[in-house]
1. What residue, among those in the stretch 164-198 that are out of contact with any Asp or Glu (no Cβ under 8 Å at 6 or more places or on another chain) and among the polar types (S, T, N, Q), is nearest to E211 (Cα to Cα)?
2. Among the residues of the stretch 414-429, write down those that are in contact (Cβ under 8 Å) with a residue 24 or more places away in the chain, of a type outside the set (S, T, N, Q), in a loop (DSSP other than H, G, I, E, B) and within 30 Å of E375 (Cβ to Cβ).
3. Could you pull out the residue among V297, V254, V287, V261 that is of a type in the set (V, I, T), within 30 Å of N193 (Cα to Cα) and open to solvent by less than 70 Å² (accessible area, probe 1.4 Å)?
4. Please determine, by comparing only the residues of the stretch 541-579 that are touching a Phe, Trp or Tyr at 6+ places or on another chain (Cβ under 9 Å) and among the aliphatic types (A, V, I, L, M), which one is most open to solvent (accessible area, probe 1.4 Å).
5. With over 55 Å from the mean Cα position of the chain (by Cα), within 20 Å of N455 (Cα to Cα) and buried (at least 17 other Cβ atoms within 10 Å of the Cβ) as the only criterion, which of V417, V430 stands out?
6. Here is a check on your reading of the model: is E348 within 30 Å of F475 (Cα to Cα), touching a Ser or Thr at 6+ places or on another chain (Cβ under 9 Å) and either in a strand (DSSP E or B) or open to solvent by less than 50 Å² (accessible area, probe 1.4 Å) (or both)?
7. Out of the residues in the stretch 169-187 that are open to solvent by less than 30 Å² (accessible area, probe 1.4 Å) and not hydroxyl-bearing (S, T, Y), state the one that is farthest from L258 (Cα to Cα).
8. Here are some residues: V370, V401, V392. Which one is touching a residue at least 24 places away in the same chain (Cβ under 8 Å), of a type in the set (V, I, T) and open to solvent by 40 Å² or more (accessible area, probe 1.4 Å)?
Amino acid sequence: MRTYHCFWLLFWAGQPHQSFLTPLSKRTSGFPEKEKVLVLSGNSRQDLHRSKRSWMWNQFFLLEEYTGTDYQYVGKLHSDQDKGDGSLKYILSGDGAGDLFIINENTGDIQATKRLDREEKPVYILRAQAINRRTGRPVEPESEFIIKIHDINDNEPMFTKDVYNASIPEMSDVGTFVVQVTATDADDPTYGNSAKVVYSILQGQPYFSVESETGIIKTALLNMDRENREQYQVVIQAKDMGGQMGGLSGTTTVNITLTDVNDNPPRFPQSTYQFRAPESTPLDSPVGRIKANDADVDENAEIEYSITEGDGYDMFGITTDKDTQEGIITVKKALDFENKNLYILKVEATNTHVDPRFLYLGPFKDSATVRIQVEDVDEPPMFSRPAYIMEVKEDVPLNSVIGTVTAQDPDAAKNPVKYSVDRHTDMDRVFNINSGNGSIFTSKPLDRETLLWHNITVIAAEINNPKQSSRVPVFIKVLDVNDNAPEFAMFYETFVCENAKAEQLIQTLSAVDKDDSYNGHQFSFSIAPEAASSSNFTLQDNRDNTAGIFTRKTRYNRHETSTYFLPVVISDNDYPIQSSTETVTIRVCACDHRGKMLSCNAEALIHPTGLSTGALIAILLCIIILLVTVVLFAALRRQRKKEPLIISKEDIRDNIVSYNDEGGGEEDTQAFDIGTLRNPEAIDDNKLRRDIVPETLFMPRRTATARDNTDVRDFINQRLKENDTDPTAPPYDSLATYAYEGNGSVAESLSSLESVTTDGDQDYDYLSDWGPRFKKLADMYGSMDSDKDS
């Protein structure tokens, strides 16, 4: 059974035995000068009973960061079976065995070979065993023990942040929480005071303080004003060992900003402001700007301006510029230097966001006096009215005055004014105006039925300064007079049946009048006196501005009289009375027994004009025949036209150059059929076009080869066979170029390739026999021969 103890005590199982202690030699440790021994024990009673052997003490302590030059001594292992004769061997295994920790296999001494850091690993667990050196068998069972690293103060406190940022409102009370800083120490908090951290303030007094144990920073000074100082930098120190001498320390910086509160009222920098405004200043135009200063910022500095009193309270207004916090004074009503040239206002500036906590500092508003001087300007003439409305009858004589406009100079000089009509508003020059007194008169006749209202503009300008002018609209209404006779509301053309009965109504008439009637129109209808006695029809006035036409006799004959014209007189009851004579056309038609018209001369007016069914069919057939003709003609044209294989403008074809012609040379080229090369005497009339797709595929007719073209035939047959078996050849007959000159040329070959091998033996004298056309060539080659001879 294993037991653990914290002190250097030895317990024995069974009868006690002497403990073997080996003195230290040239080894140091931080412990008392007693040797640390880990003893292996066992029982050796005379009887056969034997107790279990075990490690009796299984924990060592070792200081970290050992700085000595020798290995650091840890402790000693010892077994009660060890008789000191060297028969036992001690073995160590576990964490760091053989590397960090080594053991003397003879004596059991354990040593640390390297500096140990508790912060890296605080505890090492190892296993020890004693074996017989000769047999290799263990004499004690393997047991586990611990080496615990004791901490020393080798780590300074570290803050979680290098720089802290915090803010608090200005004017805060003493003890107001600002921020909490935290520092940690990597040393063992359970051993001594190495990890006990204490906070203190190095910089920032007397404005702030810090709690030594928690690191909470608080305000230490009353009424800290942002307007005096906004930024503070506080340095906090964290020191271990409870703040005692020799402790390690670390520092951090805390940047503290005082935020603004509304603790400052607005203040005008001056008590009186003076501005000047011309009397011609437009409405809502600014006159001047004033500003009250506020030491606060953002919304705490927002100001609202208002006019509280003064003789210009209703003449001027003030608004706040949100960007600059200025008060803009504007004109609300038109200024008039002649009426009033000085206004005194009282303007007040007030904070919009007031903090009740600081009301004791006084009212958060201020006031100032504003004096506005109105300046005189040369003003244009002013009309007595903003607009004029005039009326005139349409039959008024020319040059009749219909009304007068009046304007005068509002300035003290009272400059004379002249009037004119803006011709852009009176293009027809219907009206004119007296330039001296402003009376408007007609210059052309008026017609209410053409134009009821005339809208013109009158211009009034100073004689001395025509640029000073003003305009006024004049609305002229043309009044109606009874100058138009009534007339039919529509063109009336009706019919009467041949079998009509007497006193039968055939048409109802109505009339209209272009003139205006205040009491409503009253029309009267009658047949013209010259036709009243001989008329075959009668007219009845219904007294409601309508009238009816009735038959006077029983039957009518369209063959005798096919059309009747009935003159009707229409009169109004206005003054002067106007009347007109209108004609009603009445046609005689054949009707059935129900009075439905069958036919008459007016049939064309009643039935829509059209063609018979037969005529329409004939026209349709003609159109179809014409379309078929066009389609057939287009089809024939398409059959004649073939699609060329070569569509490009550059129609490149193989040509054969004939050299046995003295006149042509290379410039004389002709399209040549390869069949002629085979049989020059044969003429193939059924040649295939080489630039179009053939309609049908057929074998071309072969001609008999000439007796003297055997080599050409063999060459062409060979190439033809190659093309026939070529899978990439087109699916129709095409031209294949074989580029074979043959050997029957009169001039033989002129190729420079053959001349290379035979140039030395070649005689070019025969060129002189070819005529003048080859003279240049003969001279060239003849000169070469002479050069060789020389």
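The values are calculated or read from the model by the stated rules, or taken from the named source; none is laboratory data. Keep in mind that what you see is a predicted model, and the values were worked out from it rather than measured. Note that each Cβ is placed from the backbone with ideal geometry, even for glycine, and that neighbours are counted across all protein chains shown. Remember, those area values only see protein heavy atoms, side chains included, never the ligands or the DNA or RNA. Shrake-Rupley method; radii C 1.70, N 1.55, O 1.52, S 1.80 Å.
1. In this case the residue turns out to be Q180.
2. Across the stretch 414-429, the qualifying residue is only P416.
3. Being of a type in the set (V, I, T), within 30 Å of N193 (Cα to Cα) and open to solvent by less than 70 Å² (accessible area, probe 1.4 Å) holds for just one of V297, V254, V287, V261, which is V254.
4. It comes out as V569.
5. Within the list V417, V430, the selection yields V430.
6. no
7. Ranking the qualifying residues of the stretch 169-187, first place goes to D187.
8. Unique residue meeting the criteria: V401.
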